[in-house]
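J.: What follows is a single structure, and I will ask about it in a moment.
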Amino acid sequence: MPGRMLIRFMLLQKRLLKKGGFLLMLCLAPLLSAGVGRLSEASAGIATIALYLPEGDASAQEISERLLEERGVLRYLSCGDEEEARRMVETGQADAAWIFSEDLTERLGEHAQKRRVRPVVTVVERRDSVALTLGREILTSAIYPSFSYAVYVAYVREELGLAEMTDEALRGIYDSVAVEGSLFQMVYPDETPGEAEDFTYVQAPLRGILAIWFTFVGLAASLYFMQDEARGVYGRVPVTKRLSASYIAGAVFLLDAAAVMLLSCELAGVFTDWKREVVCCAVFAFCVLAFSNLLRMLCRTPRRLGMIFLPLLAAMLALCPVFLNLQNFRAGKRLLPPWYYLQSIHNTRYLYEMAVYTVILVLISAILQRVQSRRR
């Protein structure tokens, strides 16, 4: 029996690979992932900032390094002078300009000593937006370390009366007690550090898109099975065993799609580790297989199954954490296999829930198959 099933599986695989539509469907995912991976490495952002920092100023050099070396959602264009930065905003080449004062270090010292309050940076914007609001937070975080050091120097030399201490000694003591990295650490429920995923905003939604693509591969498998069933390909298979036959046929589709999805995650740079990825993908494949076959049995005709594709796509994009993670509609989310998969990558609780959901789908399908076979 297992040998016969393996032979049937291989014959289905051979037949499937001759279908141009299926091969095209498989090629879409890695091509998209490779494109996103290359795009994420390029200079891109949700806002463009014209940046002017005076040369020869130590604080300006430090701030410049913090801004330019960080991979973020902003794209920076260095300018030679203040007028060039303003002109780029006026002509639409930049969304905003950050113009630092020529005596930046001196002004930071004045702020630290609370002697005078003069602007450290001038911000010129075409129009306010969410991206530029975020940009101002990034600007503040880049300036803060230099301001913190100026406060420290002012306190040591004025409040403690250690004016004779050299800059080298002050810097050495400051660096020895400075907190490296962020004051806060994000950790997923499975204790995976959040910093392990160094994704750009371009890469972030890709896993969700691949999960939806994988689900539609499963639906396409059910559609192919219904068409073959109508042509009499499964005429010799008893009605009571059609559900098993549909699982075998769908497994051929999803086995190829699972390999492609893992490859696509690697190409896009959103891969975590092999053990987690393979286990989550395997359970997700079984869940999609059961989900698509239940829909096939409920719809009963290829036309009806095809009619639900667009509403189902809209529901997945809205309820699954692809672009947004809505807090409401939790009952609706739990009906969609991609939601479990996307949650399970960093929380094993949802992996178990996805497995339980799969068993429920299989049981409902088995009951429905028995009811439908009796009616025939």
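J.: Being surrounded by 15 or more Cβ atoms within 10 Å (Cβ to Cβ) and not aliphatic (A, V, I, L, M) is the filter here; which residues of the stretch 108-119 pass it?
T.: Within the stretch 108-119, Gly109, Glu110, His111, Gln113 qualify.
J.: Another one. Can you name every residue in the stretch 12-60 that is within 30 Å of Glu102 (Cβ to Cβ), at pLDDT below 75 and open to solvent by less than 40 Å² (accessible area, probe 1.4 Å)?
T.: Result: Gly45, single match.
J.: Looking at (1) in contact (Cβ under 8 Å) with a residue 12 or more places away in the chain; (2) open to solvent by less than 80 Å² (accessible area, probe 1.4 Å), find the lone condition where Arg349 falls short.
T.: Every condition holds for Arg349 apart from (2).
J.: Given the conditions (1) within 22 Å of Leu305 (Cα to Cα); (2) open to solvent by less than 30 Å² (accessible area, probe 1.4 Å); (3) modelled with pLDDT under 85, which single one is not true for Arg231?
T.: All conditions pass for Arg231, except number (2).
Here's the yes/no breakdown for (1) at pLDDT below 85; (2) β-branched (Val, Ile, Thr):
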{"site": "Asn328", "(1), (2)": "yes, no"}
{"site": "Ala331", "(1), (2)": "no, no"}
{"site": "Leu336", "(1), (2)": "no, no"}
{"site": "Tyr341", "(1), (2)": "no, no"}
{"site": "Ser344", "(1), (2)": "no, no"}
{"site": "Thr348", "(1), (2)": "no, yes"}
{"site": "Ile367", "(1), (2)": "no, yes"}
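J.: Which one of these is more than 23 Å from Asp57 (Cβ to Cβ) and open to solvent by 60 Å² or more (accessible area, probe 1.4 Å): Val130, Val73?
T.: Only one candidate passes the filter, namely Val130.
J.: Tally up the residues in the stretch 322-352 that are among the charged types (D, E, K, R), assigned to a helix (DSSP H, G or I) and closer than 18 Å to Gly208 by Cα, please.
T.: 2
J.: So which of Thr122, Thr105, Thr91, Thr140 is of a type outside the set (Phe, Trp, Tyr), under 19 Å from Pro54 (Cα atoms) and open to solvent by 80 Å² or more (accessible area, probe 1.4 Å)?
T.: So the residue among Thr122, Thr105, Thr91, Thr140 that is of a type outside the set (Phe, Trp, Tyr), under 19 Å from Pro54 (Cα atoms) and open to solvent by 80 Å² or more (accessible area, probe 1.4 Å) is Thr140.
J.: I would also like to ask the following. What pairs come up if the first residue lies in the stretch 299-312 and is at negative phi, the second is in a helix (DSSP H, G or I) and loosely packed, with under 13 Cβ neighbours inside 10 Å, and their beta carbons are under 7 Å apart, counting only those six or more places apart or on different chains?
T.: Filtered contacts from the stretch 299-312: Pro302/Gln227.
J.: In the stretch 297-315, which residue that is outside any helix (DSSP H, G or I) and closer than 19 Å to Tyr247 by Cα is most open to solvent (accessible area, probe 1.4 Å)? Write out each step before concluding.
T.: Step one: filter the stretch 297-315 for residues outside any helix (DSSP H, G or I), giving 300-301, 308.
From what's left, closer than 19 Å to Tyr247 by Cα: 300-301.
Values: Arg300: 124, Thr301: 51 Å².
Of everything passing the filter in the stretch 297-315, Arg300 is most open to solvent (accessible area, probe 1.4 Å).
The values are calculated or read from the model by the stated rules, or taken from the named source; none is laboratory data. These numbers come from a predicted model, not from an experiment. As a convention, Cβ positions derive from the backbone with ideal geometry for all residues, glycine included, and neighbour counts pool all protein chains shown. What goes into the accessible areas is simple: the full protein's heavy atoms, side chains included, and nothing from ligands, DNA or RNA. Shrake-Rupley method; radii C 1.70, N 1.55, O 1.52, S 1.80 Å.
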